[in-house]
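Asker: Can you read through this structure? Questions will come right after.
Just so it is clear, none of the values below were taken in a lab; they were calculated from the coordinates. Please read these numbers as outputs of a predicted model, since none were measured by experiment. Using ideal geometry, Cβ is built from the backbone for each residue, glycine included, and neighbour counts are taken over all protein chains shown.
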Amino acid sequence: MRADMGYFLLCVGLFLALLIGIAGYYYRRSRRSSGTSWEQLLGQLARVDRNCIEKIALDAIDESGQRRRDDAAMELEPDEIWQLIGGLKGIEALEQNSLVFIDMAFYLQQWYPEALVTAEELRLNAREIEWQVSRLRSAEQTGKLAVSFASYAQNAIVTYYIMTRHLLDLYERGDLSMFGDLQKSL
Amino acid sequence: MHLTGLDLLFWAVGFVGHVILLLVLWTRQRAKTFPIFTALVGLNIVRTVALALIQQYGTRRGYFYTYWALAILDVALQLGVVYEMTSLVFRPLGKWASDVRRGILWWLAGSVSVAAGLTWLPTPPTRLWMQVVMIKGSFFSAALLSELFVGMITLSATAGLPWKTHVARISQALGIYSIFTVLIEAGSSYFGLRSDTRAYVELTRVRMGLYLVCVTYWIIMLWRDAPSGRVMTPRMRRQLAAINAGAALDLQELRSRREP
Amino acid sequence: MYKHLAQKLTLAATLTVLSATAAHAATSNTTPTSTSQPTVTPDSVTGTDPVPTSPDVIQMILVFLHLA
């Protein structure tokens, strides 16, 4: 019975330590996001060749963001997309920027309640990119990257392009001193 | 039932604290945003009044049944508060955010499973099987509530969803209180502590003291206004008009690049 | 589908917690002859109300069995 009690206490202790540790980690992470300045967020953006992004995205969508149905749509081959974006590292740079975009939308939502709808749209797009990159990583581990890359990568890039257009639009309507810097980074 | 001066002091301070908190919720218009939390505070006031009257004029059995009946309602309302906070965090546009629905389901299922697994570990030192069920059930509710609050913090941080100030304040205090009650439940129930032992009495007083700290925290934080958003100045509005014109030119350029 | 599943899970968790608390309320770890009756209580309840000592456990068990 004493051994049982000791075992139970150990489990409860581990459970509580885990709960407190997890709560503390994620609480600090969210506080870091809310305390970050605009300049710090900009500094976290990885350099991405915007012309390549635009070329890949506009192969699949038109300027309004709708899927293209014309004969000239989806002409880029997987190899070409791979070259343009810089391989898996390029996709991961998009993912990194998406996480920064989530923080930016979070920042706007806190200080500009009127930006709620667009910020939420941005957040959802960034999360979609995260998901698509995770699928690509799984495909790489199972050796099916070549098959998966074309559809997931292009979808991720299209989502990234639409998201960055929305983010620029959002900052136009908000704090405009930041607009010029954001445009240069993206 | 013999009550010491300290028991009566806790009782009275708790009552006064709940009344002040309810007044804050009504006068500062927080009750509309947090109806379930307001109901929990109201329940505490009603319970204290009822129990005080029964303690004075009723029987021990009456006190016992009233306490337990309202305790069941209390736990239900705490679960309701978790739902209320979750709803305010994960429904920014009035409907559940699509990227967190699956996460919420996993979080619920995981919380119930872990709490159940932890609860079923050892058998407490009691004679009746019904007592075993009761002790385990009590521990289960404490573990579940604490997991639900921590899960909320985790999910919102990974999804990038901010917490409004007052939601954060209510959840933080209730979450810390829930985690602490797990510790007390483990100590008192599984070591077979009885209510006449000094250790149990002290643990209960620490719990009540912590709860009074939470009530004080809520009174102060819910009285204060949340930070207000920024407003665009007339100069910013003029700049916006200029930038809109620039954006129209950019779009034209995009179209011209696409043409063969 | 997810909404219904979430509702069912939440209802199941709520019923489990409530029935456990209700069962807890029905009996307690007591000795009828003791003047200071030991009681097991749910410490997850809010508030600072004094924890009650239970009535005669034999009578309560009989009431509980009768209800069952």
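Asker: Please list the non-local residues whose amide H lies under 5 Å from the amide H of A:ILE61, H modeled 1.01 Å from N, same-chain partners needing a gap of 5 or more.
Answerer: Residues meeting the amide H criterion: A:ARG68.
Asker: Another one. Return the FRET efficiency for the residue pair A:ASN155, B:ARG91: r is the Cβ-Cβ distance, R0 is 22 Å, and the value is rounded to the nearest 0.05. Walk me through the intermediate numbers first.
Answerer: Details: r = 26 Å, r/R0 = 1.20.
The formula returns an efficiency of 0.25 here.
Asker: Applying 1/(1 + (r/R0)^6) with R0 = 56 Å to the Cβ-Cβ distance of B:ARG60 and A:LEU99, what FRET efficiency is obtained, to the nearest 0.05? Don't skip to the answer; put the middle values down first.
Answerer: Values: r = 60 Å, r/R0 = 1.07.
Plugging the Cβ-Cβ distance into 1/(1 + (r/R0)^6) gives 0.40.
Asker: Another question, then. Applying the Karplus parametrisation 6.51 cos²θ - 1.76 cosθ + 1.60 with θ = phi - 60° to the phi angles of segment B:87-102, what ³J(HN,Hα) value in whole Hz is obtained for each residue in order, glycine and proline being reported as x?
Answerer: 4, 6, 8, 9, 10, x, 10, x, 10, 4, 4, 5, 7, 10, 4, 5
Asker: Using the Cβ atoms and a cut-off under 12 Å, what net charge is assigned to the surroundings of C:GLY47, where Lys and Arg are +1 and Asp and Glu are -1? Intermediate results must be reported in sequence, preceding the final value.
Answerer: Values: positive: B:ARG47, B:ARG207; negative: B:ASP74, C:ASP43, C:ASP49.
Local net charge: -1.
Asker: Quick one: A:LEU18, B:LEU183, fewest Cβ neighbours within 10 Å first, how do they rank? If you can, show how the numbers build up before the last one.
Answerer: Numbers: A:LEU18 12, B:LEU183 18.
Least crowded to most crowded, the residues run A:LEU18, B:LEU183.
Asker: Ignore the peptide's own chain and count Cβ atoms of other chains within 10 Å of each Cβ in B:181-187; give me the average, rounded. Numbers along the way, then the final one.
Answerer: On the way: counts 5, 6, 4, 4, 6, 9, 3.
For peptide B:181-187, the averaged partner shielding equals 5.
Asker: Extending each Cα 7 Å along its Cβ direction at B:ILE20 and B:THR216, get the distance between those two points in nm, one decimal.
Answerer: For the pair B:ILE20/B:THR216, the computed spacing is 0.9 nm.
Asker: Okay, next question. Please compute the modelled spin-label separation between A:SER134 and A:VAL117, points set 7 Å along Cα→Cβ, answer in nm with one decimal.
Answerer: Reported label-point gap for A:VAL117 and A:SER134 is 2.9 nm.
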